[in-house]
Amino acid sequence: MKKTPSQILQTPAVRALVALLLVLAYGVARNGNGAFFRFGTHRDMLRSVSVYGLLACGLTLVVISGGIDLAVGSILALGAVFFSLATIHWGWSPALAIPATLALGAAVGAVSGLLVSWGRFQPFIATLAAMVTARGLAKEISDNQKVSTVVTMADGTSKSAPLPKVFGMIDQRVLGDNVAVVTLIFLAVFALTWVLLARHRWGRELYAIGGNEEASRLSGVPVARAKMLAYVLSGAFAAIAGICQAAQEQQGDPEAGAGYELTAIAIVVIGGTSLTGGRGGVGLTLVGMLTIGYLDKILSLNAVSESTRLILTGAIVALAVLAQRSRK
Amino acid sequence: MKNLALLALVAVALVGCGSSSEPETKTASSGTPTSSGSGSTAGKKFRIGMCQSNNGEPYRVQMNNDILAAAKEHPEIEVVLKDAQNDSLKQRAQLEEFVQDKVDLIMISPKEAQPLTEPVEKAMAAGIPVMVIDRPINSDSYTCFVGADNKKIGIALGQWLKSKLKPGAQIVELKGLMTTPVAQDRHNGFLEGMKGSDAKIIFDVDMKFLEPEARKEMDSALARFPHIDAVYAHNDPGAHGAYLAAKAVGREKEMMFVGIDALPAEGQAYVAQGIEAASFQYPTGGKEAVETALKILKKEPFEKKITLESKFFTPDNVKAGGELVK
């Protein structure tokens, strides 16, 4: 079926691009002494937004199923702290520490999923509880301290341990210095999410559940299991984000990721995935991520004051959502 | 539907409990929690209640450790710590608990001045001496204040940097949360200390005392300016984040990084590793507070306002334990 030009303009992807183009135009106008036109600026933007992108991929799954996951920022911190403890202080090899960190994130996601699917909690409440609990766990296992190569002893002196190689491996650029490894990690997770949503049966089930949960149940969709898996993956992706965060900071900070869940939700919404569920996709989330990433970068390049940044970011979110409204 | 609402209510209550649960208490003498209000301890021992504003900050954890370490030297005192988790009203409640508990002395490192001024006055009126640490309150009704002067530290850092820079140097300033007096003082003091220098601040932004923010902002500064001589960050994690950004583009040797706080595990370690050219200490005052508390309890003379001396650390003096800021 062919689409007329006006129909193409009405597709969510094109509408999502409106906000992105607007932001890019702003970047061209205020290019920070030409820094906006240099390749390194774009490469660095992609690196710093990748952590948010990882959270947004998991959130996209949950949001399409009609839920929300507020716990991703806290799971990021838990993952960062656990990964740092395991690799720096317990001497685990990355081959063990990385799967263990993912499993931990998935486990927290599974608890949210259980509460939502079988406990019949509202997703907001279940993941709010998980958010608070995961933050507490991050502070508990780190003893309220940043987990770094420097260990403070009881008498106030400190000794330092070597930084495990895996930190440098994740926080480096590859392919001729052109792309950060964390960006590649994001792209891999993005591709996995895309395949699951667009090509896999489970993805279709998520859309069906988000569209009409009762009808899906009656037509034989395993609703509880499908929803549960969305939260598990969201938790695991947040743990991956935690590993990336730790590598970039060279430490596991139990306070890391506070407020990141809201940025991730903004990315999903700006892309055009509906918070009521059933509509959207991770490709849209990619556009949302670029919008937020570029806006942040341009404001930073121009050393714009914090107050102006907040106002402009709020305005862009509102504008992007407005552009998503159907114009019937 | 009713069921669901009930469940939600329970969940909210649970979450509420989680964040406002009993404060963690620690004692210097045994290191195990004590139940508050146990009057069975020997009468000779002085009991000190310490209201910490937020154990989530490394600086405050260090202050707690300094207090506990100093208290360990004096078996006649026992310190109970409460953490207000960055909440002024929670801190007020914990202060009132200590008053109810009739401890011999209260220490408080207030989160904010206004909400805690009256509670401190009431504790004083109840006959309990109150020592205010680090941040002031809005009245003179306290026994003793122990704190450092951020503006002085900013001035000292500015003067030090001025002496190290070539003429016409270009500086990046990564500011802390500019809505706080801490960041304002560190900024204004720095400008005052730099007076008379022709160095230029070419890029200044608010990184909110957060390392990931500092790294992101420094990325931008590096993209924009082909040459930078120095980075002044309002805290050491900020300087560390800026260093990592410069290192990622191979420019970390081009500029020097200076920061404030000089905690053993952060600033002092960064200086020792050659990351920071200098870190200026923001002392916790834990040791001084305990020593003054003893004077107060034993009715010996003491100064009402104690301004802490600060040290600075450079690669040359870090092994020797730093140098006093004049």
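Bear in mind these aren't lab numbers, they're just calculated from the coordinates by the rules spelled out. From a predicted model like this one, the values you see are computed outputs, not experimental measurements. For neighbour counting, all protein chains shown are included, and Cβ atoms are generated from backbone atoms with ideal geometry for every residue, glycine included.
Annotations for the structure displayed:
- Across A:Ile125, A:Ile311, A:Ile88, mean-square fluctuation computed from a Gaussian network of chain A (C-alpha pairs under 10 Å connected) peaks at A:Ile311.
- Residue-wise HN-Hα coupling along the stretch B:310-326, computed from phi with Karplus coefficients 6.51, -1.76, 1.60 (Hz; x: Gly, Pro): 10, 10, 10, 10, 10, x, 6, 10, 5, 5, 7, x, x, 10, 6, 6, 8
- Since only A:Leu229, B:Gly259, A:Ser274 are under comparison, the one whose Cα sits farthest along the positive direction of the charge dipole of the protein assembly as shown, derived from C-beta charges on Lys, Arg, Asp and Glu, is A:Ser274.
- The Cα center of the stretch A:12-32 and the Cα center of the stretch A:166-236 differ in position by 26 Å.
- Each Lys and Arg contributes +1 and each Asp and Glu -1, all at the Cβ; summed about the Cα centre of the protein assembly as shown, the dipole is approximately 2200 debye.
- Placing unit charges on the Cβ atoms of the charged side chains and taking the dipole of the protein assembly as shown about its Cα centre, the candidate lying farthest along the positive direction among A:Val63, B:Ile106, B:Met178 is A:Val63.
- Projected onto planes of every orientation and averaged, the convex hull of the alpha-carbon atoms in the stretch B:121-190 covers 5.9 nm².
- Helix B:88-100 and the longest principal axis of the Cα set of chain B meet at an angle near 40°.
- Remark on B:Asp261: its backbone amide H falls under 5 Å from those of B:Phe280, B:Gln281, B:Tyr282, a criterion applied only to residues 5 or more positions apart or on other chains, H modelled at 1.01 Å from N.
- With coordinates expressed along the principal axes, the C-alpha atoms belonging to the stretch A:124-266 extend over 65, 42, 24 Å, beginning with the largest.
- Computed over chain A, the per-residue total of -39500 (n - 2.57) for DSSP H runs of n ≥ 4 gives a 222 nm mean residue ellipticity of -23000 deg cm²/dmol, rounded to 500.
- Sparsely packed loop sites in the stretch A:21-109 (the trypsin sites (Lys or Arg not before Pro) outside DSSP H, G, I, E and B with at most 16 other Cβ atoms within 10 Å) comprise A:Arg30, A:Arg38.
- Rounded tilt (10° steps) of B:2-19 against the dominant C-alpha axis of chain B: 80
- Percentage of interatomic Cα-Cα distances in the stretch A:5-324 larger than 25 Å: 52
- Estimated D of the stretch B:78-219 in µm² per second, where Rh is the Kirkwood radius over Cα pairs and Stokes-Einstein applies at 4 °C, 1.567 mPa s: 74
- Unit charges at the beta carbon, dipole of chain B: most positive-side option, B:Val120, B:Gly49, B:Tyr142: B:Tyr142
- Area projected by the alpha carbon convex hull of the protein assembly as shown, averaged over all directions, nm²: 32.8
- Taking each of B:Lys247/B:Lys326; A:Lys139/B:Lys72; B:Lys122/B:Lys311; B:Lys151/B:Lys287; A:Lys146/B:Lys208 in turn, the alpha-carbon distance tops 27 angstrom for B:Lys247/B:Lys326; B:Lys122/B:Lys311.
- With the convex hull of the Cα atoms taken as the outline of the stretch B:165-252, the averaged projected area works out to 5.2 nm².
- Listed residues A:Gly235, A:Gly271, A:Gly176, most fluctuating in chain A (Gaussian network, C-alpha, under 10 Å): A:Gly176
- Within chain A, the whole DSSP H helices whose Cα atoms reach 24 Å or more along their own axis and whose mean Kyte-Doolittle score is at least -0.5 are A:12-29, A:39-64, A:94-117, A:123-141, A:181-199, A:223-249, A:282-301, A:306-324.
- Check: the stretch B:150-282 dipole with +1 on Lys, Arg Cβ and -1 on Asp, Glu Cβ, in debye: 300
- Rounded to 5, percent antiparallel among DSSP beta bridges of the protein assembly as shown: 25
- Residues B:Ser197, A:Ser307, A:Ser234, sorted so that the one with the fewest Cβ neighbours within 10 Å comes first: A:Ser307, B:Ser197, A:Ser234
- Here the alpha carbons of chain B define both size measures, Rg and Dmax, at 22.3, 73 Å.
- When only the Cβ of Lys, Arg, Asp and Glu is charged (+1, +1, -1, -1), the dipole of chain B relative to its Cα centre reaches about 120 debye.
- Degrees, to the nearest 10: B:58-72 long Cα axis against longest axis of chain B: 50
- Span per principal axis, largest first, for the Cα atoms of the stretch A:235-328 (Å): 51, 35, 18
- Percent of C-alpha pairs per 10 Å bin, the stretch B:144-297, short to long: 12, 41, 33, 10, 4, 1
- Rounded to 5, percent antiparallel among DSSP beta bridges of chain B: 10
- When the Cα gyration tensor is reduced to axis lengths a ≥ b ≥ c, the ratio a/c is 1.5 or higher for the stretch A:1-129, and with a/b not above b/c it is classed as oblate.
- Projected onto their three principal axes, the Cα atoms of the stretch B:253-326 cover extents of 55, 21, 17 Å, largest first.
- Close amide H contacts of B:Ile201 (hydrogens built in the peptide plane, cut-off under 5 Å, sequence separation of 5 or more or a different chain): B:Ile171.
- Shielding by partners - mean other protein chain Cβ count within 10 Å, residues of B:206-216: 4
- Counting, for every residue in A:298-306, the Cβ atoms of other protein chains within 10 Å of its Cβ and taking the mean gives 6.
- Residue among B:Pro283, B:Pro75, B:Pro226 with the largest mean-square fluctuation in a Gaussian network model of chain B, springs linking Cα atoms under 10 Å: B:Pro226
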